[in-house]
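The values are calculated or read from the model by the stated rules, or taken from the named source; none is laboratory data. Predicted model, so just to flag it, every value in this text is computed and none were measured. Counting neighbours? That spans all protein chains shown, and the Cβs are built from the backbone with ideal geometry, glycine included.
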Amino acid sequence: MFDVVSKGFRDVRNRFEGKREITEENVEDALKDIRMSMLEADVNFRITKNFIERVKEKALGEVVRVKAGDSEVTPGDHFIKICHDELEGLMGPVDTNITFQNPRIGPTKIMMVGLQGSGKTTTTAKLAKLCIDQHKKKPLLVGADVYRPAAIEQLRVLGQQLGVPVHAVEGGDPVQVCNDALKIAKEQECDVVIFDTAGRLAIDDVLMTELEKIVETTKPENIFLVVDAMIGQDAVNTAHEFNQRLEIDGFIMTKLDGDARGGAALSIKEVTGKPIKFIGVGEKVEALEPFRPEGFANRILGFGDVMGLMQKFEKTLSEEEAANAEKDAMRMLSGEFDFNDFYNQLQQMSKLGSMQELAEMMPFLGGSIPKDVSLDDHELVRIRAIIQSMTPKERTNPDLLTRQPSRVKRIAKGSAQDLKKVEQVLQQFNMMRAMMQQFSNFGGGFLNKIPGF
Ligand code: GDP
């Protein structure tokens, strides 16, 4: 995701390399790159245009000159910071709120709407899991897509998987089904009811009228539109049309784990005025994440998503491991990085799952690693053997290996690996370290915007 638009911003960073001043000329060139990459990533034309204008105005409005020898903030950093803030502004502020009803009054109603195939049923189950895990609620799932037996069956299977009751009546009246569900929720002491409403291949009046009736009758506290990021601008148009007929509270954008170009995520808030609340990043019920515009802006700019990564660590690691990981991350972000860190990072990454997704989140991998890179257990064992064949001094002082090739040969022999393999690992290490240092150089500007830094 975001490959296309990220590449544009990376080119811009390179363009500013070594420049001591922001001038109209270098800004114009940079903006041309950004404009092209945004359009290519399927960002709405008007939004691209406004974005470019705002960045230009800000970049030229502030005179930035860097003194010789001052490596703190370069004009390039400054320009990227402006882009970062504008990107965040386009998608933000963060809003992952679900409105919960006072349980004494009745259950909280969440109505899921969206086109067929957008991921509505899957997301209904994901949201139920989130309500259970994070809000300690007891949900009831409602199959209101009475026309498609397969949709009801899918919901039943998901409900069973989660241990959550499902109410559905094939061929029934959707309004009645939803209304009955409220009574059933009371009987079964469920405090959240999630309606999985019918989808169509395209928006039509019959569907909208049915949805309006459900809203009128059940008065849901939350209406979430599920949109598929893979369909780009069509997702934004769908969002716009739905939002005109129903008072949508926010979006859940699915399939952001695939090769969506990201344009929809960048455009939808600006076009509709409504936030993306959550994102779907896989087919499994746990693959739902809060949408954090800050993290997305970082990923687009190729800095990785530090906070997102932290949250993933917290979910996957024990409390102690998470605390250590956080300490390590802080140290690494201050520019220190050795082979012990390198190995720990790889090990933790292998625990976290999808390399593709992590590659996007990890600042040091951003864009520089081919798509098909895989970090399987074998690879980890090989890298571990290589690192274990280093002396403690070499592990903490990696430059020794660059200066003395004989050490590299010794390590290859000791770990029973090809010299080429060892050199490749060293190269990966150096790349990771360079990216870490680059990231820490931005520290003053970016890190203090991330809560907790
Ligand atoms: P519905 O017709 O809107 O109810 O859509 P479904 O829930 O049946 O989902 C359609 C397809 O998209 C299914 O194959 C899901 O597994 C898949 N899907 C849903 N959400 C995601 C997601 O976030 N990522 C990926 N990769 N696939 C998803």
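Summary table below
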{"item": "Enumerated strands (runs of 3 or more DSSP E) restricted to region 120-215, each holding at least 1 residues that are over 22 Å from residue 276 (Cα atoms)", "result": "139-143, 166-168"}
{"item": "Long-range neighbours under 7 Å by Cβ, at least six apart or interchain, first residue outside the structural domain of residue 207 (by TED's automatic domain parsing) within region 104-123, second near the ligand (Cβ under 6 Å from one of its atoms)", "result": "none"}
{"item": "Residue 297 vs. criteria within 16 Å of the ligand (Cβ to nearest atom) and in contact with a helix residue (DSSP H, G or I) (Cβ under 6 Å, 6 or more places away or on another chain)", "result": "no"}
{"item": "Index of the failed condition, residue 227 passing every other in (1) within 12 Å of the ligand (Cβ to nearest atom); (2) of a type in the set (A, V, I, L, M, F, W, C); (3) surrounded by fewer than 19 Cβ atoms within 10 Å (Cβ to Cβ)", "result": "(3)"}
{"item": "Count of region 16-66 residues which are part of a helix (DSSP H, G or I) and aliphatic (A, V, I, L, M)", "result": "12"}
{"item": "So residue 117, is it among the small types (Gly, Ala, Ser) and at pLDDT 95 or above", "result": "no"}
{"item": "Any hit, region 103-118, residues being touching a Ser or Thr at 6+ places or on another chain (Cβ under 6 Å), in a strand (DSSP E or B) and either within 13 Å of the ligand (Cβ to nearest atom) or closer than 17 Å to residue 287 by Cβ (or both)", "result": "yes"}
{"item": "Selected residue (only one of 42, 29 is touching a helix residue (DSSP H, G or I) at 6+ places or on another chain (Cβ under 7 Å) and crowded, with 16+ Cβ neighbours inside 10 Å)", "result": "42"}
{"item": "Exclusive hit being of a type in the set (Ser, Thr, Tyr), in contact (Cβ under 8 Å) with a residue 60 or more places away in the chain and away from the ligand (no atom under 16 Å from the Cβ), set 197, 218", "result": "218"}
{"item": "Those helices (runs of 4 or more DSSP H) lying entirely in region 238-324 with at least 1 residues modelled with pLDDT of 85 or more", "result": "263-272, 293-300"}
{"item": "Test: residue in region 164-185 that is within 12 Å of the ligand (Cβ to nearest atom) and surrounded by fewer than 24 Cβ atoms within 10 Å (Cβ to Cβ)", "result": "no"}
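For every residue, the table says whether it meets (1) under 22 Å from residue 263 (Cα atoms); (2) under 25 Å from the mean Cα position of the chain (by Cα).
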position	(1), (2)
4	yes, yes
19	no, no
30	yes, no
35	yes, yes
39	yes, yes
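One line per residue, one yes/no per condition, for (1) closer than 24 Å to residue 95 by Cβ; (2) polar (S, T, N, Q):
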position: 189; (1), (2): no, no
position: 193; (1), (2): yes, no
position: 215; (1), (2): yes, no
position: 238; (1), (2): yes, yes
